[in-house]
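> Structure below; questions to follow.
Please treat every number below as a calculation from the coordinates, not as lab data. Nothing here was measured: the structure is a model prediction, and the numbers come from that model. Please note: Cβ atoms are built from the backbone with ideal geometry, for glycine as well, and neighbour counts cover all protein chains shown.
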Amino acid sequence: MQDPVFTCEAVLAEAVFLMRRDGLNPEWLMESVHRGAVRCEFDLAAEMEAIRASFRRYNDQAISIADASLVRMSELHPESAIFTLDRDFLVYRRNGRQRIPLIAPFA
């Protein structure tokens, strides 16, 4: 079995919204969560101060809770990379000034 993909509820909610908007069925994503291939491993309440700091830092870009959560997750798991289609992650930094490793078509 491959290692699971870690994410947070905010990212799942955004992914389902975007999939439905584009006429796609998100059932395969929910099945991936059910099987444990995608795991939600983020406690928003415990990380709220870090999320609020991202909101202040990226106020001019209107960072979303999903994006701020992924930035924080990259700080908590520095060996990780973020899979994204969102070019805003070229601007976001972890731990102040560190580039976030990305898996993206534009990286």
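> Across all directions of projection, what mean area in square nanometres is found for the Cα convex hull of the chain?
Projected area, direction-averaged: 7.4 nm².
> With +1 on the Cβ of every Lys and Arg and -1 on the Cβ of every Asp and Glu, and nothing else charged, how large is the dipole of segment 5-103 about its Cα centre, in debye rounded to the nearest 20?
360 debye
> Stretch Arg35-Ala81 to full length: gain in nm at 0.36 nm per residue minus the Cα-Cα span?
Additional length available on full extension: 14.4 nm.
> Length gain on complete extension for the stretch Phe17 to Glu49, per 0.36 nm per residue less the alpha carbon to alpha carbon distance?
Details: separation 32, 0.36 × 32 = 11.52 nm, distance 2.62 nm.
Working it through step by step, the gained length comes to 8.9 nm.
> Let me have the relative contact order for segment 35-107, percent, based on Cα pairs under 8 Å that are six or more residues apart.
It comes to 23 percent, rounded to a whole number.
> Further, regarding this structure: Given H placed 1.01 Å from N in the peptide plane, which residues other than close sequence neighbours of Val38 have an amide H under 5 Å from its amide H?
Sorted by chain and number, the residues that satisfy this are Val5, Val33.
> Same structure again: Which loop trypsin sites (Lys or Arg not before Pro) in segment 4-107, with loop taken from DSSP, have no more than 14 other Cβ atoms within 10 angstrom of their Cβ?
For trypsin sites (Lys or Arg not before Pro) across segment 4-107 that sit outside H, G, I, E and B with at most 14 neighbouring Cβ atoms in 10 Å, the list reads Arg97.
> Mind jotting down the distance between the C-alpha centroids of segment 79-96 and segment 31-60, whole Å?
About 13 Å separates the Cα centre of segment 31-60 from the one of segment 79-96.
> Here is a further query. In the chain, which longest range has no GluC sites (Glu not before Pro) that are both DSSP loop (not H, G, I, E or B) and surrounded by at most 14 other Cβ atoms within 10 Å?
Formally, the longest exposed-site-free interval is 1-40.
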